[in-house]
Each structure stands twice: as C-alpha cells, then as structure tokens.
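Everything below concerns the one structure shown next.
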Amino acid sequence: MANDIMEKIVSLCKRRGYVYPSSEIYGGINSCWDYGPLGAELKNNIRRFWWKSMTYFRDDIEGLDASIIMHPRVWEASGHVDGFTDAMVDCRKCKLRFRVDEVSGKSCPDCGGELTEARLFNLMFRTHIGPVEDDASIAYLRPETAQGIYVNFLNVLNTSRRKVPFGIAQIGKAFRNEVTPGNFIFRMREFEQMEMQYFVKPETAQEWLETWRKERMQWYVKLGIKAEKLRFHEHTEDELPHYASRAFDIQYEFPFGWKELEGIHNRTDYDLKNHSKSSGKDLEYFDDSTGERFIPYIVETSAGVDRTLLTCLVDAFEEEENRVVLRLSPEIAPVKVGIFPLVKRDGMPEIAKKIAAQLRRHMKVFYDEGGSVGRRYRRQDEVGTPFCVTVDAQTIEDDTVTLRNRDDMKQVRLKVSELPGRLGELMQGEENTQ
Ligand code: GAP
C-alpha cells in the first residue's frame, strides 16, 4: 500500500512535470532528481512561504546567502571533519552497503548474507580548489547551510545593528554523500535547506527552543499540511547530533512511516565558541545596556526544501472515484488558475486569451483549449490548480464567466472585471493568517 502510493506520486511527478530523474537520458544517477516546470514553481513557492514567514512577517530576523564552498577550516572547527560520519557495513553476499542503524541486530535484510565489521564513513563531498590536487587544496561542499551563518555572525550583527535576541535565515543547497539515499526526494545527496539560526542569551535558550518548536509546527499547518500527520520527536541522548544539547524533530507520517521533516536544536555556544577558537576572532557579543559580554547560544530551525515539497505532494494527493486531485494550498500551488474557452469557436478563445493575459500580471496562469472541458478540469485537478475559469456562450452576452473550485468542484458565475479581486482574495487566505 505504502509503495503503491509512492509509486503513484512518483509517476504523477514524472508525467506532469514535477520531478524527473536526473540525467535520465543516461540512465539516471542514484539519488539525484531534477525539478520540472511545475516542481520548480512549487519549490519557489515553498521557499517564498518560508522566507516571508522568517524575514517579512517578523522583525527580528535578517536574510543571508553565503557561498557553498567555504574555508576548509570551517569544517574542522564545526566538528564535521571528525564527527559527521555514518557507521556502515557491507554485505559480503549481495555487496550492498547499509547504515549500521538500519540493520543492527539483523543479517543483511534481503539476502541474509554476512555483514562486514562497521566502518566510519564521512558524509562530506570533497573537492579541490585550483589546479593542484593535494591535501592543501582540499575543500568541501557544505553539508549544512548553518555554518555560513555562524561565520557571518559578526558581519550581520554589525551591518544590521541588531541586538540579541535576533536571527539569521538562509536558503541554499547542501550536499551529503549519504550511504543509503532513497524514497524518491526524501533523502538525496544534493538537496536544499531552509535554516534559521537564532542568537540568544545562554540562560534563555531553553525558552527559545520551546518558542521555535511551536512556531515551526504552526508553519507546516499554515502551509496546508494535515495537523494529525505531524508530531514531535525528542532526541534521546544517543540520537543527539554532535553539536546539540537538546533536539526535536518535526516528523510527518509518510507512506513509508513517521520520518523527520525538520530539526530544531539548541546548539548552545558550540559553534561560535569553536569558530572563535579556531579563527582567533572574538565572536563575543557585547550588550551595551547591561555591560555583559557573552557568546550567544544558538537555537536552530533546520528544514529541507525537497522534503517539505515531498510532504506537500504526499499530503495533498487524493484519489477519488473519478479523478486524482492534489489539494495543495492555493498559496503554494504552482499554477493558480486554468483559463478555458468552453469550445474553440464563437470568439471564446479570444476572450479567454485576453482574460489570461490580464491575470498573468498577478499570478501563474495556464491557458488550455484542447479536449473536453471536463478533461481539462481533471488535468488541472491532478496538478493541484485550485481554480479554473471558463468562458462560455453566456460570457459573450453578459461578460460573466464561471469560476470553479478544485476542492468541491462547485462553480460560481461572476463578472470578468471581478476576477482579479476575487482570485486575489482566495489566494491570500493563508498569507493573511501568518
Ligand atoms: N543544520 C542542522 C542540520 O543540518 P539535519 O537534521 O541534519 O540538521 C536538517 O538536517 C533537515 O535537512 C532535515 O530535517 C531534512 O529536512 C533536510 N535533509 C537532511 N539531509 C537530507 C537529505 N539527504 N536529503 C534531503 N533532505 C535532507
């Protein structure tokens, strides 16, 4: 059943232009995926929804866009060179490789083969900077975007004249040479993160952790995800990442089980202290109202763009008797409105094209005049388009069109001149509640 639903979603994504296997004409490359026209749009909408919630709707967070390749010493100071490893085992029979936590207490899951001793495997991708490939030129592709924020802490603090508590938000690619990628875009080797690092007084870190975990849970609900499919998981002592004193995951119930969607961590002063020691730069914060000096604690919220996108698709996917429908919230749906002439004659296409041209200035529109109107509605339902406008014979008489709602399939008639306003209202429902 679980695989069945995932297979249907993967197939819909491929068929309708959400996600394609990367380098497909060469047979694909394991764990890499490309976003097609609709996927690229959905991804942009998710990024924007996050970016606005962090940097527009509140007054204590600045944005940043740091480079992917950083000084290699960043990754020594952060603990990633020594500590960002997975223990892995190989099966002597089928030659497959597994993470130890996937197979602990078992022989090789499918073939029953004997497993090798565990070995540690660093997840960072390595490359070389410049023409000489020696130890001195080693560089890493960042495995998290967070470090770009820590090394810019003083820059942002000074240029934005912020006071603790404040945050820095960033969206960008991260790379991990995962031992076992899989489940479509759930675990990839190249993926994108939306991370926010919130700098606080040490004694307030626990309180902020609580605040942020509530905020972040709310964000997913506002994004349109069903609340009953979301839950928290607190990390036990042995699950904690190397940098965190306390950590919560927001988990979603995917068809393949409850899995992490986002990590919310109290990173203490671990990162700034280590970067301060390693770089020799004083990263202390001076509070001029109290005269205190301290290294701020960091409360981090770390979400995956691709994983959020997968969650939106899985959560929105429904098979009804006569149609497949993606109930994406209007704010993130790739196409907001489909515009159709009922038939391809009697001046209807001309009017419909004019309406499409007007609406395009405000939102993503799809014009379609091919096939029966019922089929055109179904095609838009399947990709999640929340509204469709149809021009028919009555339009020519009284300048009205039908506006159809994807979710209940109900239609209302309204004046063409009322369309931009009505659609704008319908679209911004979620945004206004942020
Ligand atoms: N800065 C902290 C950090 O990176 P993480 O729990 O390792 O924490 C945060 O990752 C989020 O990044 C995850 O919850 C997930 O959404 C996303 N993520 C991590 N590894 C991923 C992968 N291989 N493929 C897709 N998304 C991934």
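The values are calculated or read from the model by the stated rules, or taken from the named source; none is laboratory data. Computed from a predicted structure; not experimentally measured. Note that we place each Cβ from the backbone using ideal geometry, even for glycine, and neighbour counts take in every protein chain shown.
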If you check every pair at least six apart or on different chains, which have Cβ atoms under 6 Å apart with a residue in the stretch 299-313 that is more than 9 Å from the ligand (Cβ to nearest atom) first and a residue that is part of a strand (DSSP E or B) and small (Gly, Ala, Ser) second? none
Hey, ALA205 within 16 Å of the chain's Cα centre (by Cα), surrounded by 20 or more Cβ atoms within 10 Å (Cβ to Cβ), more than 10 Å from the ligand (Cβ to nearest atom) and not acidic (Asp, Glu) or not: no
Answer residue from the stretch 225-241, given it is more than 15 Å from the ligand (Cβ to nearest atom) and charged (D, E, K, R) and is nearest to PRO330 (Cα to Cα) among those: LYS226
Condition broken by ILE332, with the remaining ones in (1) more than 16 Å from the ligand (Cβ to nearest atom); (2) under 24 Å from ASN158 (Cβ atoms); (3) crowded, with 22+ Cβ neighbours inside 10 Å; (4) not basic (Lys, Arg) satisfied: (2)
Just to check your reading of the model, which residue among ALA77, ALA169 is assigned by TED's automatic domain parsing to the domain that holds ILE29 and within 16 Å of the ligand (Cβ to nearest atom)? ALA169
Given the criteria assigned by TED's automatic domain parsing to the domain that holds LYS214, within 19 Å of the chain's Cα centre (by Cα) and either of a type in the set (Ser, Thr, Tyr) or more than 10 Å from the ligand (Cβ to nearest atom) (or both), does GLY291 qualify? no
Tell me which of these LEU326 doesn't satisfy, since it passes every other one: (1) at pLDDT 95 or above; (2) surrounded by fewer than 23 Cβ atoms within 10 Å (Cβ to Cβ). (2)
Which numbered condition ARG176 fails, given (1) within 24 Å of ASP315 (Cβ to Cβ); (2) surrounded by 21 or more Cβ atoms within 10 Å (Cβ to Cβ); (3) within 10 Å of the ligand (Cβ to nearest atom): (1)
Say we look at the stretch 179-190 and pick out the residues that are more than 7 Å from the ligand (Cβ to nearest atom) and more than 13 Å from ASP34 (Cα to Cα); which of these is surrounded by the fewest Cβ atoms within 10 Å (Cβ to Cβ)? GLY182
Based on this model, can you work out whether ARG231 counts as basic (Lys, Arg), closer than 24 Å to LEU313 by Cα, part of a helix (DSSP H, G or I) and in contact with a strand residue (DSSP E or B) (Cβ under 6 Å, 6 or more places away or on another chain)? no
So which residues in the stretch 254-288 are more than 14 Å from the ligand (Cβ to nearest atom), part of a strand (DSSP E or B) and buried (at least 17 other Cβ atoms within 10 Å of the Cβ)? TYR285
Residue list for the stretch 125-161, filter: in contact with a Ser or Thr (Cβ under 6 Å, 6 or more places away or on another chain) and in contact (Cβ under 8 Å) with a residue 40 or more places away in the chain: ILE129, ALA139, GLN147
Tell me, which strands (runs of 3 or more DSSP E) wholly within the stretch 1-85 include 3 or more residues that are farther than 27 Å from GLU382 by Cα? 61-64
Condition broken by THR127, with the remaining ones in (1) assigned by TED's automatic domain parsing to the domain that holds ARG293; (2) away from the ligand (no atom under 14 Å from the Cβ) satisfied: (1)
Qualifying residue in the stretch 397-410 (condition: under 25 Å from the mean Cα position of the chain (by Cα), under 26 Å from ASP346 (Cα atoms) and among the aliphatic types (A, V, I, L, M)): no
Out of the residues in the stretch 103-124 that are without any contact (Cβ under 8 Å) to a residue 40 or more places away in the chain and among the hydrophobic types (A, V, I, L, M, F, W, C), state the one that is nearest to the ligand (Cβ to nearest atom). LEU120
Which members of the stretch 137-158 meet the condition of being within 11 Å of the ligand (Cβ to nearest atom) and not acidic (Asp, Glu)? ARG142, PRO143, THR145, ALA146, GLN147, GLY148, ILE149, TYR150
Members of the stretch 242-253 found to be away from the ligand (no atom under 13 Å from the Cβ) and part of a loop (DSSP other than H, G, I, E, B), listed by number: SER245
